[in-house]
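Colleague: Sharing a structure below in structure tokens format, with a few things to ask.
The values are calculated or read from the model by the stated rules, or taken from the named source; none is laboratory data. Keep in mind it's a predicted model, so treat the numbers as computed, not measured. We place every Cβ from the backbone using ideal geometry, glycine too, and count neighbours over all the protein chains shown. Quick note on the areas: whole protein, heavy atoms, side chains included, nothing else; ligands and nucleic acids left out. Shrake-Rupley method; radii C 1.70, N 1.55, O 1.52, S 1.80 Å.
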Amino acid sequence: MLKNDTHIGSPRSRVDGPAKVTGKATYAAEFATPDLAHAYIVGSSVARGKITGIDVAAAGAVPGVIKIFTHENRPRTAWLSFRHKTIVGPPGRPFRPLYSDEIQYSGQPIVLVVAESFDVARHAASLVKVAYEQHPHETDLGRARSDSYEPPRRRLGIAPPPKPRGDAAKAYDEAAVRVSAEYTIATEHHNPMEPHATTVIWEGGGKLTVHDKTQGVQSSQAYVARVFGLSSDDVRVISPYVGGGFGSGLRPQHQLFLAVMASLALERSVRLELTRQQMFSHVHRPETINVLSLGADQDGKLTSIQHHALAATSRFEDHQEVVVNWSGLLYPAENVDLRYELAKLDTASPGDMRAPGAPLGVFALESAMDELAIAAGIDPIELRLRNYAERDENDDKPFTSKALRACYSEGAERFGWSRRDPKPGSMREGRELIGWGMASGVWDANMMKTSARAVLGADGKLAISCATSDIGTGTYTILTQIAADALGLAMDDVTVALGDSSLPTSPVQGGSWTAASAGSAVMAACQSLRETLVKHAGKIDGSPLVGAGIDDVAFAGGRIMMRLDASRSLSLADAVAAAGGSVEAEESAGPGLLGLMLPKSHSSYTHAAVFAEVRIDQDLGVLRVTRIVSAVAAGRILNPKTARSQIIGGVVWGIGMALHEETLTDHRLGRIMNHSFAEYHVPANADIHDIEVIFVEEHDDKTSPIGVKGLGEIGIVGTAAAIANAVHHATGNRIRSLPITIDKILADAV
Ligand code: MOS
């Protein structure tokens, strides 16, 4: 494998870059068809209660309105709860749009207006009048906290907290050095560039082509078929480009259901596109409260770790993520007690957002480690080295690989950590206080069963296909690199088709597993092609490769040649001709059955060390993150250029998490107040300064056959903690609730 890497490991520009920057890449709401109808959602204005009446007279009278759907006149198919379940969904009753008169959250879709144009649909929707019977609601986690509970049923693929080890409370009481505090992270909403949208093309005869904004076309296909009682042969879901997912497209969202419902009922093509405001009416990162207590001996060696987290979920589902386990994984201690609880709110169900759970729990842990370092008078990196986990004590397994030490040392070196004066408030320039902080990051490294097809044509062009999505991560590019190297071709000779449910089976793109999974599947398909080609090449009369086995040859420059005698070679074209004009192979790779992860003999994680510099105006409290160094260990890096982009994206979001992002709810109304980019702040260019990414060398031969561990999510984990630690270093003020806004800096100012 990977014997003649020309492209793998080299920085390559995105193969889909030109299509994206020239506007040729088509997104879910951009597929056109004649006779397309447009839909618009009316959302509930109350958070809990019942609909007592819907007056659609004025809306229905608007010229161009085709049909107005409510719970009273909805089509009669497909309303069983279990049919709406998907593999990535949590336990509970999934939300079913227009199911009944029950209101479960503010913004819940309750009416769908379909019209000849988007503007008519939107205008008519504004004329719909809804009467409600309001019931008491709760959207405040602080108040719901008293009713917290351990989720009785676990979400598939989400590890529960490990069993307690030792007696953490007692060890804490006896510890020489102790820190204990509460750390909170605000609700955040996904705001990918591409809002959720579905264009359903009515193909006639009950067949649908669905252009959906999703991270998994086959997941959307299965959902539509199951919910509407269709044969999956009649539903093709296509999503070649996705304008960012970040977890918001892992589950089918309500726009998919509503667009398909309308299309089937009207026997017509329908598009439903959410507005930016409506993007706040579904999935989000749940508000999470961490209570974290660390006990250590005089040398800073941890003796007790207690991490209890409480996360918000909806009234109807138990969304779960891994928040506290990281605290038993990153540092060893004899006494560990980790707990994870939920509390129900009258909101839409939370969902996965980039590295779900990890940036929340790790913010608490890595803030607390900084506090412990100060309490013990030990340098923060030294403290982490004294508590370095050589083994996964949660699962009692060895790691497949772990180069976190190199992350600390290379990151510190690049950042200039040795020049740091540990005294808070000691570094300044003019009116600016300067703070340097650091934190560790950790995230899962997984591989999921995935299939891919490779077809080499008589023209010497290689066509790769797989149903996986490329949600902007660079999947097209790395698969092109892998395939080109496997057959010894130029990248221009390889095409990759993705995001089509008719292609070989793939799980959703998520969990940072796609490079390892789809990459290994493409490698396996190409290996199978190579074997077929060598077999046929040896059979040609007078073949220079007669008697050659697969291990005797190399593929390079469009030729197959003997490894030990390059003068004996044959063109790929001749080998393809001998094989009958084209060669095709489809192969799967993966440890799992049905795309599920299986228990492994080893634990596999990616790691990072994040270093942050902040500058704070001492009078105004204005805070800038002027420098970040993120040193990442993620196994083999297939493409340093696109990999760097992934980490930068994660770091930028980490800055947003630390300083900007916060969904604000008016709890009297149970309604989100800042559902627009004017008031829900994400980092803009002016907020982003120097970001440096380092990939430390890490060899991993167990996570995936191609040595890849994945890096779509690790970039965000630890970044907010590093920034909060830098804020403390600059000011001496410890801010334990994200985002760190100016008011908090000024309120805490001495
Ligand atoms: Mo990711 S939150 O698994 O898309």
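Colleague: Suppose we filter segment 24-52 for residues that are of a type in the set (Gly, Ala, Ser) and either part of a helix (DSSP H, G or I) or modelled with pLDDT under 95 (or both); how many remain? Talk me through it step by step, then tell me what you get.
Modeller: Of the residues in segment 24-52, the ones of a type in the set (Gly, Ala, Ser) are 25, 28-29, 32, 37, 39, 43-45, 47, 49.
Now narrow it down to the ones that are either part of a helix (DSSP H, G or I) or modelled with pLDDT under 95 (or both): 28-29, 32.
Residues meeting the conditions: 3.
Colleague: Take the conditions touching a residue at least 24 places away in the same chain (Cβ under 8 Å), within 16 Å of the ligand (Cβ to nearest atom) and open to solvent by less than 10 Å² (accessible area, probe 1.4 Å) and apply them to Ala521. Does it pass?
Modeller: Details: touching a residue at least 24 places away in the same chain (Cβ under 8 Å): yes; within 16 Å of the ligand (Cβ to nearest atom): no; open to solvent by less than 10 Å² (accessible area, probe 1.4 Å): yes.
It is false that Ala521 is touching a residue at least 24 places away in the same chain (Cβ under 8 Å), within 16 Å of the ligand (Cβ to nearest atom) and open to solvent by less than 10 Å² (accessible area, probe 1.4 Å).
Colleague: What is the number of the single condition among (1) in contact (Cβ under 8 Å) with a residue 60 or more places away in the chain; (2) surrounded by fewer than 15 Cβ atoms within 10 Å (Cβ to Cβ); (3) in the same structural domain as Val217 (by TED's automatic domain parsing) that Ser13 does not meet?
Modeller: So the condition that Ser13 fails would be (3).
Colleague: Name the single residue, out of those in segment 524-569 being without any contact (Cβ under 8 Å) to a residue 24 or more places away in the chain and part of a strand (DSSP E or B), that is most open to solvent (accessible area, probe 1.4 Å).
Modeller: Here the answer is Ser567.
Colleague: One residue is enough: does segment 329-337 have a residue meeting the conditions open to solvent by 10 Å² or more (accessible area, probe 1.4 Å) and within 16 Å of the ligand (Cβ to nearest atom)?
Modeller: No, the conditions are met nowhere in segment 329-337.
Colleague: Still on this structure, I have one more. In segment 478-518, what count of residues is obtained for those that are away from the ligand (no atom under 16 Å from the Cβ), closer than 22 Å to Gln218 by Cβ and not in a strand (DSSP E or B)?
Modeller: Taking segment 478-518 first, the residues away from the ligand (no atom under 16 Å from the Cβ) are 478-497, 500-505.
Keeping just the survivors that are closer than 22 Å to Gln218 by Cβ gives 478-480, 482-483, 495-497, 500-505.
Of the ones still in play, those that are also not in a strand (DSSP E or B) are 478-480, 482-483, 501-505.
Residues that pass the stated criteria total 10.
Colleague: Further question on the same structure: Would you say Trp417 is buried (at least 19 other Cβ atoms within 10 Å of the Cβ) and within 22 Å of the chain's Cα centre (by Cα)? Spell out how you get there, then give the answer.
Modeller: Numbers: buried (at least 19 other Cβ atoms within 10 Å of the Cβ): yes; within 22 Å of the chain's Cα centre (by Cα): no.
Criteria not met by Trp417.
Colleague: Considering only segment 598-618, state which residues are part of a loop (DSSP other than H, G, I, E, B) and small (Gly, Ala, Ser).
Modeller: Residues of segment 598-618 that are part of a loop (DSSP other than H, G, I, E, B), as a first pass: 598-602, 604, 618.
Of everything in segment 598-618, those that are part of a loop (DSSP other than H, G, I, E, B) and small (Gly, Ala, Ser) turn out to be Ser601, Ser604.
Colleague: To continue, here is another question. Would you pick out the residues in segment 436-476 that are open to solvent by 20 Å² or more (accessible area, probe 1.4 Å) and among the aliphatic types (A, V, I, L, M)?
Modeller: Val455, Ala458, Ala463, Ile471
Colleague: Given the residues Ser401, Ser451, Ser440, Ser465, which is the only one that is without any contact (Cβ under 8 Å) to a residue 40 or more places away in the chain, closer than 30 Å to Ile158 by Cα and of a type outside the set (Val, Ile, Thr)?
Modeller: Result: Ser465 is the single residue among Ser401, Ser451, Ser440, Ser465 that is without any contact (Cβ under 8 Å) to a residue 40 or more places away in the chain, closer than 30 Å to Ile158 by Cα and of a type outside the set (Val, Ile, Thr).
Colleague: Restricting the search to segment 303-323, which residues are more than 16 Å from Ser148 (Cα to Cα), aliphatic (A, V, I, L, M) and crowded, with 24+ Cβ neighbours inside 10 Å? Step through it out loud before you land on a result.
Modeller: Our first condition is that a residue be more than 16 Å from Ser148 (Cα to Cα); within segment 303-323, this holds for 303-306, 322.
Still in the running and aliphatic (A, V, I, L, M): 305, 322.
Within segment 303-323, just Ile305 meets the criteria.
Colleague: Still on this structure: Would you check if there is a residue in segment 203-215 being among the aliphatic types (A, V, I, L, M) and over 18 Å from the mean Cα position of the chain (by Cα)? Can you show your working first?
Modeller: The initial filter retains those residues of segment 203-215 that are among the aliphatic types (A, V, I, L, M), namely 208, 210.
Applying the additional criterion that residues be over 18 Å from the mean Cα position of the chain (by Cα) yields 208, 210.
Yes, there is a match, as at least one residue in segment 203-215 is among the aliphatic types (A, V, I, L, M) and over 18 Å from the mean Cα position of the chain (by Cα).
Here is a yes/no grid of residues against (1) open to solvent by 40 Å² or more (accessible area, probe 1.4 Å); (2) over 22 Å from the mean Cα position of the chain (by Cα); (3) without any contact (Cβ under 8 Å) to a residue 40 or more places away in the chain; (4) within 16 Å of the ligand (Cβ to nearest atom):
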| position | (1), (2), (3), (4) |
| --- | --- |
| Lys344 | yes, yes, no, no |
| Asp352 | no, no, no, yes |
| Pro356 | no, no, no, yes |
| Met369 | no, yes, no, no |
| Ala373 | no, yes, no, no |
| Asp379 | yes, yes, no, no |
| Ala406 | no, yes, no, no |
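Colleague: Among Ala686, Ala678, which is under 19 Å from Thr187 (Cα atoms) and either open to solvent by 30 Å² or more (accessible area, probe 1.4 Å) or in contact (Cβ under 8 Å) with a residue 40 or more places away in the chain (or both)?
Modeller: Ala678 is the lone residue from the list that is under 19 Å from Thr187 (Cα atoms) and either open to solvent by 30 Å² or more (accessible area, probe 1.4 Å) or in contact (Cβ under 8 Å) with a residue 40 or more places away in the chain (or both).
Colleague: Taking the conditions exactly as written (surrounded by 24 or more Cβ atoms within 10 Å (Cβ to Cβ) and in the same structural domain as Met657 (by TED's automatic domain parsing)), does Val727 satisfy them or not?
Modeller: On the way: surrounded by 24 or more Cβ atoms within 10 Å (Cβ to Cβ): yes; in the same structural domain as Met657 (by TED's automatic domain parsing): yes.
Considered against the rule, which asks whether it is surrounded by 24 or more Cβ atoms within 10 Å (Cβ to Cβ) and in the same structural domain as Met657 (by TED's automatic domain parsing), Val727 comes out as yes.
Colleague: Confirm whether Thr475 is touching a helix residue (DSSP H, G or I) at 6+ places or on another chain (Cβ under 7 Å) and within 16 Å of the ligand (Cβ to nearest atom).
Modeller: So Thr475 fits the description; yes.
Colleague: Okay, moving on. Considering (1) farther than 15 Å from Gln215 by Cα; (2) within 16 Å of the ligand (Cβ to nearest atom); (3) among the acidic types (Asp, Glu), say which one Asp470 fails and leave the rest.
Modeller: Unmet condition: (1).
Colleague: If a residue has to be farther than 24 Å from Gly441 by Cα, among the hydrophobic types (A, V, I, L, M, F, W, C) and in a loop (DSSP other than H, G, I, E, B) to count, how many in segment 656-683 make the cut?
Modeller: Counting residues in segment 656-683 that are farther than 24 Å from Gly441 by Cα, among the hydrophobic types (A, V, I, L, M, F, W, C) and in a loop (DSSP other than H, G, I, E, B) gives 5.
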